[in-house]
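Here's the structure we're looking at; comments come further down.
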Amino acid sequence: MTELPSQTLERDLENGDRVHIRQGQRPISHLVGQSGTIVEVFRVPLGSCLVRIDNDLDRREWFFYRDEVATYEG
């Protein structure tokens, strides 16, 4: 019997979480691979958030869906 690979279950997003931007359904290619900090989490749409990207001199906040960010410790 073939064993299915386990899926990584990520916890809910929280303000202050450190995240990496990854490719999701929307093309934001110039931000993929960047790191940042969540400044606000929205429950509608579920798990969406505003992220302040590191080294952004304008200190903009970017809207991302859950599939576009990966949390990390750092």
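Here are a few things to note about the model shown:
- Looking at Gly47, Gly74, just one residue is at pLDDT below 90 and touching a strand residue (DSSP E or B) at 6+ places or on another chain (Cβ under 7 Å), and that residue is Gly74.
- Remark: pairs (first residue in the stretch 49-74, touching a residue at least 24 places away in the same chain (Cβ under 8 Å) and over 12 Å from Leu31 (Cβ atoms); second residue part of a loop (DSSP other than H, G, I, E, B) and among the aromatic types (Phe, Trp, Tyr); Cβ separation under 9 Å; 6+ apart in sequence or on different chains) = Cys49/Tyr65.
- Count of the stretch 38-49 residues, restricted to those that are crowded, with 16+ Cβ neighbours inside 10 Å and not in a loop (DSSP other than H, G, I, E, B), is 4.
- Residues of the stretch 12-60 classified as at positive phi and more than 13 Å from the chain's Cα centre (by Cα), total: 2
- Restricting the stretch 11-21 to residues that are in a loop (DSSP other than H, G, I, E, B) and surrounded by 15 or more Cβ atoms within 10 Å (Cβ to Cβ) leaves a set whose member that is modelled with the lowest pLDDT is Leu13.
The values are calculated or read from the model by the stated rules, or taken from the named source; none is laboratory data. Because the structure is predicted, anything quoted here is derived from the model rather than measured. Heads up, the Cβs are rebuilt from the backbone with ideal geometry, glycines too, and the neighbour counts pull from every protein chain shown.
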